[in-house]
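In what follows, a structure is listed as structure tokens, so that the remarks can point back to it.
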Amino acid sequence: MAAFIFTFFFFVLSALDGIRPDVKQSAEPTELMCDNWGEYREGEVSILEGEAGWLSCPLFSHPTVYNYTSTQSAGHNLFWYRTLEGHDLEQPIVYSWRLSKERERLWLQPAVSNDSGLYICMLRNKSSCTKITRRLTVRHKEDVDRATDCDPPVAMAPTDVYIPLQEGKTLDCPDLDILKMSEIKPTVNWSHVDLSSQRCVRYPFWNSQREQRGTSLQFHVMLASYEGLYYCTVQFQRGGRKLQFTRSINVSAIHPTRVSKLVSILSPSQDQVFTIKAASEVRLVCRALFPFIPPNSSWDMWWTVGGNVLEELPDRHRFSQSIKEVKNDFKDQTMESVLRIQDFQSEDLRREFNCSVKNKISFETRRVHLEEEVLLPSMELGCGLGVTLVLMLLLFVVYHVFWLELLLLYRSWFGTDERHTDEKEFDVYISYARNSEEEQFVLSTLRSVLENELGYSVCIFDRDSLPGGTITDETLSFVARSRRLLVVVSPGYASQGSQALLELKAGIDGMALGGHLQVILVQYKPVQRQGWVRELRSARVALAVVRWQGDKSRELTSRFWKRLRLELPVRRASSSEGSSKDKALMRLTSQNSTNSQTGLISNTLKDPQKVFNSAA
């Protein structure tokens, strides 16, 4: 029965530790057979030369199999052996003040360099024997890797501790509980190494957010600047000797516990559609956030095609997956997984592509929607765009060069003949300075072309006024019965007499009384802007300026005549406006309608200079 129980416990421990026992028979038949469990692989012990350390027997790692107190009660004794480096012979350890045994531990106080090697702990009684090997390495201070030049050397790897931001935690020095089990009262000195600034600070620190209480270091409020390596140097007395050892703790800040720890897929979104090309390599990108869940946050991220993982696909050679970290924010990882599909076929559009993620507490999956790209003929599209750009450029050039001709053509097709919409007699009234150079231009050139070539009805006071009439009444009547007031501007316009100013004043006053009259300024010679021009603009008169450029403007096809025709009423053909008798009759008829306006300008004839000053 005892043998059965021993065998049962033996196989249980083998399953827990992953160690295959190597049963060896001693060469001498009188010796007891010992079960050799081989070398313990879960952790190599490293001790710094000159510091205290210990070896715990791995047989007691699982108290359900071996418990130190129960094994002592059953008559089992614990023996320690060692095998020196480069030797195979097991030698029993001779206990001394430096090498001593306490319960299941072998103490080295302190360790020296030649203590390195394999150590065997053996449990045996009269009927059974079990042993296991553990490796010890004594490291020199010069051989220890250090984060900075100011931090102390430590033989063992640092312990990872995670503290949520804006929360608190108590930091205990590793292995300190072993001393407390031996009723040893140690003292602990703390220091902090900021890896970002390469600064070493010994306790007490610069603020009260980190406070040492007894042997522990209390974090009241965790901040990002408190991250880094923390060293605790433990000093104690044992066997009348002062001993010490140093441990390190890697403290990392993580997001507060109130922040959600559920995994989430950042992209693709629910309604996002990937456009792909057939017969090409397609890359589907999935990005997810994995919140850190201490102490060892585990997660997984994978693709499925048609409900199967990539390894189960019949055409799995066309599919491959790569995962990389794109962001790490206080241990919260943003991971990106790329699914590459070689030689994408149209049949693949009917397959379901899903990106799935999970961590310890949650799971999420999202489908990727695909649609095939509609290819436009690149050659035809390029030619079409090129032709369109060329046509637009040509239209721009044509309009820039022939804009006057285009506007005249548009007016001739769609313009309205004002003779059908008003009751005015004349198309244009010409105002000019008498007894001047421009008088010859008006009578011989301007009047002749407008009447004989372009078919406009022109009114000139000196020619069309009746003998014996009042100048003021006649002037106002002519201007009121004309659709346009054409003013020939020259340096002598304001100085060669009052008739021209009277005509201009009549036009302005007619506008003030609500009439509809457009003024055309024909600049016969360059002049400085006069005050009456400002008055025209301030009266909001429809004003256009056309410049005469000498011989360049004499031809009927010149820009001067085109620009002038653009400002004059629409005429499609030259026509006569009736006999002189009819014109005289119309003048007599309209004269009565203008008597009410005569008073506005009757005083201007008495003082021509006052007219000029008023216009200025």
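Observations
- Long-range neighbours under 8 Å by Cβ, at least six apart or interchain, first residue within 13 Å of W303 (Cβ to Cβ) and hydrophobic (A, V, I, L, M, F, W, C) within the stretch 344-366, second part of a loop (DSSP other than H, G, I, E, B) and open to solvent by less than 90 Å² (accessible area, probe 1.4 Å): C355/P268; V357/V263
- Residues that are among the β-branched types (V, I, T), farther than 16 Å from K562 by Cα and open to solvent by less than 60 Å² (accessible area, probe 1.4 Å), drawn from the stretch 443-475: V458, I460, T472, T475
- Test: residue in the stretch 480-499 that is at pLDDT 85 or above, more than 30 Å from K552 (Cα to Cα) and open to solvent by 10 Å² or more (accessible area, probe 1.4 Å): yes
- Summed over the stretch 126-148, residues that are open to solvent by 30 Å² or more (accessible area, probe 1.4 Å) and over 55 Å from the mean Cα position of the chain (by Cα) total 4.
For (1) among the charged types (D, E, K, R); (2) farther than 28 Å from V489 by Cβ; (3) in contact with a Leu (Cβ under 6 Å, 6 or more places away or on another chain), each residue gets a yes or a no:
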residue: E371; (1), (2), (3): yes, yes, no
residue: L393; (1), (2), (3): no, yes, no
residue: F396; (1), (2), (3): no, yes, no
residue: F402; (1), (2), (3): no, no, no
residue: Y410; (1), (2), (3): no, yes, no
residue: D422; (1), (2), (3): yes, no, no
residue: E425; (1), (2), (3): yes, no, no
residue: R434; (1), (2), (3): yes, no, no
residue: Q440; (1), (2), (3): no, no, no
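- Of the residues making up the stretch 233-284, those that are open to solvent by 40 Å² or more (accessible area, probe 1.4 Å), part of a strand (DSSP E or B) and among the charged types (D, E, K, R) are R241, K242, R283.
- Taken together, the residues in the stretch 246-304 that are more than 28 Å from the chain's Cα centre (by Cα) and farther than 21 Å from F363 by Cα amount to 10.
- Some residue of the stretch 53-67 being farther than 15 Å from C121 by Cβ and surrounded by 15 or more Cβ atoms within 10 Å (Cβ to Cβ): yes
- Residues located in the stretch 382-435, provided they are open to solvent by 30 Å² or more (accessible area, probe 1.4 Å) and among the aromatic types (F, W, Y): F396, Y399, F402, W403, Y410, W413, F414
- Some residue of the stretch 76-95 being within 60 Å of the chain's Cα centre (by Cα), of a type in the set (F, W, Y) and open to solvent by less than 80 Å² (accessible area, probe 1.4 Å): no
- Residue list for the stretch 179-196, restricted to those being open to solvent by less than 60 Å² (accessible area, probe 1.4 Å) and either at pLDDT below 80 or assigned to a loop (DSSP other than H, G, I, E, B) (or both): S182, I184, P186
- Total residues in the stretch 210-232 satisfying the condition of being in a loop (DSSP other than H, G, I, E, B), polar (S, T, N, Q) and open to solvent by 40 Å² or more (accessible area, probe 1.4 Å): the figure is 0.
- Meets criteria (touching a residue at least 12 places away in the same chain (Cβ under 8 Å), among the small types (G, A, S) and either out of contact with any helix residue (DSSP H, G or I) (no Cβ under 6 Å at 6 or more places or on another chain) or under 23 Å from R41 (Cα atoms) (or both)) for S127: yes
- Residue check for T71: of a type in the set (V, I, T), modelled with pLDDT under 90 and either surrounded by 16 or more Cβ atoms within 10 Å (Cβ to Cβ) or assigned to a helix (DSSP H, G or I) (or both): yes
- Being of a type outside the set (D, E), on the phi < 0 side of the Ramachandran plot and modelled with pLDDT of 95 or more is a description that applies to F363.
- In summary, A288 fulfils each of the numbered conditions (1) of a type in the set (G, A, S); (2) at pLDDT below 95; (3) assigned to a strand (DSSP E or B) with the single exception of condition (2).
- Total residues in the stretch 96-119, condition touching a residue at least 40 places away in the same chain (Cβ under 8 Å) and open to solvent by less than 60 Å² (accessible area, probe 1.4 Å): 15
- F330 vs. criteria of a type in the set (F, W, Y), under 20 Å from Q270 (Cα atoms) and touching a residue at least 40 places away in the same chain (Cβ under 8 Å): no
- Options R563, R547, R534; residue that is modelled with pLDDT under 75 and open to solvent by 40 Å² or more (accessible area, probe 1.4 Å): R534
- Evaluated against (1) without any contact (Cβ under 8 Å) to a residue 60 or more places away in the chain; (2) out of contact with any Asp or Glu (no Cβ under 7 Å at 6 or more places or on another chain); (3) under 18 Å from V546 (Cβ atoms); (4) of a type in the set (A, V, I, L, M, F, W, C), V398 falls short on exactly one condition, (3).
- Here N207 passes the criteria (1) surrounded by 14 or more Cβ atoms within 10 Å (Cβ to Cβ); (2) over 30 Å from K358 (Cβ atoms) except the one numbered (1).
The values are calculated or read from the model by the stated rules, or taken from the named source; none is laboratory data. Predicted model, so just to flag it, every value in this text is computed and none were measured. Here Cβ is always computed from backbone atoms with ideal geometry, including for glycine, and neighbour counts include all displayed protein chains. Ligands, DNA and RNA are excluded from the accessible area calculation, which covers all protein heavy atoms including side chains. Shrake-Rupley method; radii C 1.70, N 1.55, O 1.52, S 1.80 Å.
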